[in-house]
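Trainee: Would you mind keeping the following structure in view while I ask a few things?
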């Protein structure tokens, strides 16, 4: 019986223990549920709070964006207003500039018209002055022509008088010269007759052979000889070249003067009539110039031959006898080919 009671007690204790466990488990579950519920509520609150904060932030952001848009719109409006204002100012300036340019153009046109009027007036005055000057110049020219004609007549008369006097003197000189030449010719004829008679009476002598010329080596276009060294021949060549230049210049000048006389006569500067006697004088002057020019050119040819003889080594020797010509004579007449005696008809004249 006691065992049964004890068993019942144990069973009851077990039941109580199980009930306690179940109650405790229920409490724990309830606590867990409450904790979970609190946690969920807290999470909801936090989520709501975050959502509200996010909404606030979005609202603030929208406000800022709206504010920025409004500020930007205000700025754009202000810029548009400023641009319009600038356009108006530029337009005003352009209009003012156009007005000023038009005003300047008008002023320039007015000034150009004034200048044209002044130029026309000046040109008219110049034309009037030129006409007056031309008339005065024509009158002066007429007066000058009249004076020139009178002077020309006077000069022609004086020239005719001088020419007549000169011709008379020249005729007297010519007559005297012809008389002297006739006398000389008679004397020469008598001498020639005597010489021919003497030659006929005696046998004609034979010309002696020319002595040989001892030549040296050519130097710088000069061949020295025994009688004439290099220095002497060099000085003679320089003298000949200088004389050649002078004679050529003289010949050219004389020919130019003669040609100028012909050109002047062709142009009508000289009158060959009864009143003017300059024609004969100019013809005489032209003939004289041509004669002197021909003589100068003949001397130039003799100089060229002397230069060739310097080169070949034959310079300074007589062309007749082959004897050396004295240096004094060569210095006085560098192109000579005769001795003084031969020139006078002495030795070497065969």
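Trainee: Within the bounds of the stretch 192-204, is there any residue that is touching a residue at least 24 places away in the same chain (Cβ under 8 Å), in a helix (DSSP H, G or I) and either surrounded by 10 or more Cβ atoms within 10 Å (Cβ to Cβ) or touching a strand residue (DSSP E or B) at 6+ places or on another chain (Cβ under 8 Å) (or both)?
Mentor: Within the stretch 192-204, none of the residues are touching a residue at least 24 places away in the same chain (Cβ under 8 Å), in a helix (DSSP H, G or I) and either surrounded by 10 or more Cβ atoms within 10 Å (Cβ to Cβ) or touching a strand residue (DSSP E or B) at 6+ places or on another chain (Cβ under 8 Å) (or both).
Trainee: Take the stretch 308-326 and flag every residue that is crowded, with 17+ Cβ neighbours inside 10 Å and assigned to a helix (DSSP H, G or I).
Mentor: 309, 310
Trainee: If you don't mind, another one. Mind telling me which of the residues 186, 156 ends up being over 30 Å from residue 285 (Cβ atoms) and modelled with pLDDT under 85?
Mentor: Result: 186 is the single residue among 186, 156 that is over 30 Å from residue 285 (Cβ atoms) and modelled with pLDDT under 85.
Trainee: Within the stretch 216-235, track down each residue that is part of a helix (DSSP H, G or I), touching a residue at least 12 places away in the same chain (Cβ under 8 Å) and under 45 Å from the mean Cα position of the chain (by Cα).
Mentor: Answer for the stretch 216-235, where residues must be part of a helix (DSSP H, G or I), touching a residue at least 12 places away in the same chain (Cβ under 8 Å) and under 45 Å from the mean Cα position of the chain (by Cα): just 234.
Trainee: From the list 275, 301, 305, pick out the single residue that is surrounded by fewer than 16 Cβ atoms within 10 Å (Cβ to Cβ), part of a loop (DSSP other than H, G, I, E, B) and either modelled with pLDDT of 90 or more or touching a helix residue (DSSP H, G or I) at 6+ places or on another chain (Cβ under 9 Å) (or both).
Mentor: 275
The values are calculated or read from the model by the stated rules, or taken from the named source; none is laboratory data. Predicted model only: the values in this text are computed from it and were never measured. Cβ coordinates were reconstructed from backbone atoms using ideal geometry, including for glycine residues, and neighbour counts include every protein chain displayed.
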